[in-house]
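Only one structure is covered here, and it is reproduced in the block below.
Read-outs: derived from the displayed coordinates by stated rules, not from any lab. The shown structure was predicted, so the numbers you read here are calculated from the model rather than taken from an experiment. Counting neighbours? That spans all protein chains shown, and the Cβs are built from the backbone with ideal geometry, glycine included.
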Amino acid sequence: MRASETNEDAAALALRALVWTLAEPERATRLLDVTGLTPSDLRTRAADPAVLSATLGFLENYEPDLLACADGLDIAPAALVAARRELDA
């Protein structure tokens, strides 16, 4: 069963997306540059809904990363978008 078909928590999904994003150094650097986050922010605030939302927003704003992340996590891209909306609510 695909993760998007389960009741996976938005924060848990976003945390998985953050880990996926940080796995590739160039993409991780872009995340920091675009969001203004620092490595220290990520270490201390990784579970913070604002950081998780920023990560998902970063992915949403560059469709190739959004699609690659969704594929890597075996979920639909719309699940990432929905998780960001839920975190922002």
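Miscellaneous remarks
- Net charge of neighbours whose Cβ lies under 15 Å from the Cβ of residue 31, counting Lys and Arg as +1 and Asp and Glu as -1: -1
- Label-to-label distance, nm, for residues given as residue 9 and residue 78 (7 Å Cα→Cβ offset): 2.5
- Among 12-19, 66-73, the order from most to least packed when residues are scored by Cβ within 10 Å on average: 12-19, 66-73
- Remark: region 9-88 carries a charge dipole of roughly 200 debye about the Cα centre, counting +1 on each Lys and Arg Cβ and -1 on each Asp and Glu Cβ.
- P(r) histogram, all alpha-carbon pairs of the chain included - 10 Å bins from 0, percent: 18, 57, 23, 2
- Cleavage-rule hits, chymotrypsin sites (Phe, Trp or Tyr not before Pro), the chain, DSSP coil, Cβ neighbours within 10 Å at most 16: 62
- Total formal charge among the other residues, if their Cβ is under 12 angstrom from that of residue 86, Lys/Arg +1 and Asp/Glu -1: -1
- Relative contact order for the chain, counting Cα pairs under 8 Å that sit 6 or more residues apart, in percent: 41
- Gyration tensor (alpha-carbon) shape descriptor, region 34-85, a/c threshold 1.5: prolate
- Pairwise label distance in nanometres, residue 40 with residue 62, each label 7 Å out on the Cα-Cβ vector: 2.5
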